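The values are calculated or read from the model by the stated rules, or taken from the named source; none is laboratory data. As the structure is a prediction and not an experimental result, all values here were calculated from the model. Note: ideal-geometry Cβ built from the backbone for every residue, glycine included; neighbour counts use all protein chains shown. In case anyone asks, the SASA skips ligands and DNA or RNA and just uses the protein heavy atoms, side chains included. Shrake-Rupley method; radii C 1.70, N 1.55, O 1.52, S 1.80 Å.
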Amino acid sequence: MELTNLTAISPIDGRYRGKTEPLANYFSEYALIRYRVRVEIEYFIALCQLPLPQLKDVPQDLFQPLRDIYLHFTEADALRVKEIEATTNHDVKAVEYFIKECLDSDENLKSQISDLKSVKNFIHFGLTSQDINNTSVPLSLKEALEEVFIPVLEQLIEQLNDLAEAWKTIPMLARTHGQPASPTRLGKELKVFVYRLEEQLRTLKDTPVTAKFGGATGNFNAHHVAYPQYDWADWADHFLADSLGLEREQYTTQISNYDYLAAILDALRRINTIIIDLDRDVWMYISIDYFKQRIKAGEVGSSAMPHKVNPIDFENSEGNMGMANAVLAFLAQKLPVSRLQRDLTDSTVIRNVGVPLAHALIAIQSTMKGLSKLILNEDKLRQDLENNWAVVAEAIQTILRREGYPNPYEALKALTRTNEKINQETITNFINTLNVSDSVKQELASITPSNYTGL
């Protein structure tokens, strides 16, 4: 079978391709090859700008044609790299050979570089494959977060903030341990999620995106033996920062330490966990009829029960976030662990770094879709408050404490911790029996489940 949305093994490339397609530009095999080409070319340009003696005659007006190799990188180019890889059996070496082919085929370059053969020797000069991989992957993750994931997350935060503002005055019965508790406001409860997501998004943005760049075992052995007069560590710091926007890890083995990458993955997992919490809360509010859902003509909620309108968007989101977090947890735990100076276990694992982002992207879009379908059922919220007058007991006993009333907590406990129905009349009768001033009784009588909502 040809690979299509219907024949793809993974749902993120099949059923949900429409939602995840933007990530293909960062995490597909094509994208990884393009990022590798980009790093190799920027590295070569940086060597020319140093300049290394053998590269001092490479004119600067050739830098843009060199950059065009990755700026205009096509699927056909990627296929050519894969053809070369079929011979080399090494994916990064294939990229090196591809770039050299591009130099050989560019008449403009050949006409301006007198000794092109010697110049080509400085493609991938002094590097190991992980200097390319451990810059390409962090760079792709950085740009995917900045250009795709974070903007969508910020849309969700904005949507939640708008709902919190719209419903900021709506009183609602709170539930702790599933039981009626001191009332709150619906807008404030949504604001909790806005606050939590903003705090964790700030942490995500503040986490450095780091890369390994230091030769075969991290010591610039090849660079130093060829050109001992240069401070290669300092040069590499500036190259990564200025050309790629990455922070160089100062002490490494052959591969990245992956510690900051793990921190990014953990930050993503916390964000996803907050959204799972949101999904479950909204699901519960729907189940107790605080929200109804907009009905779309032609849609079916159940194959057997015609009346049903299921909260499927929040369920879809929760499931995809669970998948995302399982992979994020594995990646964060596995990647920082490698035998001695390196083993190959990180190589196959890190190719999956886009998978949890894809599941999270599906989930966030599902949550936003679900939120957009909510219809507030104010009658149900008012009814629940009216049916739970016992929740004002906290307010009454607190004021009685203020007034020095004897054993106020115990008095309210005796009144409310019962299977008898507590209503406004019950509370009013209790207040009238209290040995307090009329002004205090009036103060207590003014408290209702709908107005005892705090700040």
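Around residue 128, which amide H atoms from residues at least 5 apart in sequence, or from another chain, sit under 5 Å from its own amide H, with H modelled in the peptide plane?
For residue 128, the qualifying residues are 215, 216.
Determine the dipole magnitude for the chain: charges of +1 sit on the beta-carbon of Lys and Arg, -1 on that of Asp and Glu, nothing else is charged, the reference point is the Cα centre, and the result goes in debye to the nearest 20.
Here the size comes out at about 1200 debye.
Starting from the Cα of residue 68, step 7 Å along the direction of its Cβ; do the same at residue 428; then give the gap between the two resulting points in nm.
Between residue 68 and residue 428, the label points sit 8.6 nm apart.
Roughly how many whole Å is it from the C-alpha centroid of the range 307-341 to that of the range 405-455?
Spelled out, the Cα-based centre of one part sits 47 Å from the other.
Under 13 Å from a point 7 Å along the Cα-to-Cβ line of residue 312: which residues of the range 362-402 have their amide N that close?
Inside the label zone: 370.
Let me check against my output: what whole-number percent is the relative contact order of the range 66-131, with C-alpha pairs under 8 Å and at least 6 apart?
Relative contact order, the range 66-131: 24 percent.
Using DSSP loop states and a limit of at most 15 other Cβ atoms within 10 Å to flag GluC sites (Glu not before Pro), what is the longest stretch of the chain containing no flagged site?
Maximal segment without exposed cleavage sites: 3-298.
Tell me the net charge near residue 453. Cut-off is 10 Å between Cβ atoms, residue 453 excluded, with +1 for each Lys or Arg and -1 for each Asp or Glu.
Result for the neighbourhood of residue 453: +2.
Could you pull out the trypsin sites (Lys or Arg not before Pro) across the range 35-92 that fall in loop regions by DSSP (anything but H, G, I, E, B) with no more than 12 other Cβ atoms inside 10 Å?
Those satisfying the criteria are 56.
What distance in nm separates the two pseudo spin-label positions at residue 112 and residue 175, each 7 Å out from Cα along the beta-carbon direction?
7.0
Over the chain, calculate the relative contact order: mean separation of alpha carbon pairs under 8 Å at least 6 apart, over the residue count, as a percent.
Averaging sequence separation for qualifying contacts and normalising by length gives 16 percent for the chain.
Please give the charge dipole size of the range 231-354, origin at the Cα centre, charges +1 on K and R Cβ atoms and -1 on D and E Cβ atoms. Round to the nearest 20 debye.
Taking the Cα centre of the range 231-354 as origin, the dipole is about 620 debye.
Which one of 226, 264, 254 is farthest out on the positive end of the charge dipole of the range 217-280, using unit charges on Cβ (Lys, Arg +1; Asp, Glu -1) and the Cα centre as origin?
264
Using a ≥ b ≥ c from the Cα gyration tensor of the range 70-148 (square roots of the eigenvalues), is it rounded, prolate or oblate, where a/c under 1.5 gives rounded and otherwise the larger of a/b and b/c decides, a/b for prolate?
It comes out prolate by the Cα gyration axes.
Summarise the accessible area of the chain (1.4 Å probe, protein heavy atoms) by the percent that is carbon and sulfur.
With neighbouring chains kept in place, the figure for the chain is 50 percent.
Calculated FRET efficiency, residue 247 and residue 217, Cβ-Cβ r, R0 30 Å, to nearest 0.05?
For R0 = 30 Å, the calculated efficiency reads 0.90.
Would you work out if the range 1-107 is rounded, prolate or oblate? Take a ≥ b ≥ c from the square roots of the eigenvalues of the alpha-carbon gyration tensor; rounded if a/c is under 1.5, else prolate when a/b is larger than b/c, oblate otherwise.
Note, shape of the range 1-107 comes out prolate.
Once both labels are modelled 7 Å past Cα along the beta-carbon direction, what's the residue 61-residue 159 spacing in nm?
5.2
Tell me, in nm to one decimal, what length is gained between residue 105 and residue 349 on full extension, where the rule is 0.36 nm per residue of separation less the Cα-Cα distance?
Going from the current span to full extension adds 84.3 nm.
Which lysines have a Cα lying under 27 Å from the Cα of residue 110, excluding residues fewer than 8 positions away in the same chain?
Filter leaves 56, 82, 93, 100, 120.
Give the separation of the Cα centroids, the range 12-76 to the range 83-132, in Å.
13
So if we plug the beta-carbon distance of residue 226 and residue 330 into 1/(1 + (r/R0)^6) with R0 = 45 Å, what FRET efficiency do we get, rounded to 0.05?
For residue 226 and residue 330, the calculated efficiency is 0.70.
Classify the chain as rounded, prolate or oblate from the Cα gyration tensor: take a ≥ b ≥ c as the square roots of its eigenvalues, call it rounded if a/c is under 1.5, otherwise prolate when a/b beats b/c and oblate if not.
prolate
Grab the Cα-Cα distance for residue 198 and residue 443, subtract it from 0.36 nm times how many residues apart they are, and report the gain in nm with one decimal.
Taking residue 198 through residue 443 to full extension adds about 84.3 nm, to one decimal.
What accessible area per residue, rounded to a whole number of Å², is obtained for the chain using a probe radius of 1.4 Å?
Using a 1.4 Å probe on heavy atoms only, each residue of the chain averages 51 Å².
Evaluate the charge dipole of the range 152-298 about its Cα centre and quote only its size in Debye, nearest 20, assuming +1 on the Cβ of each Lys and Arg and -1 on the Cβ of each Asp and Glu.
Its charge dipole is roughly 920 debye.
Between residue 3 and residue 122, what FRET efficiency comes out of the Förster formula 1/(1 + (r/R0)^6) with R0 = 35 Å and r the beta carbon distance, rounded to 0.05?
Calculated value: 0.40.
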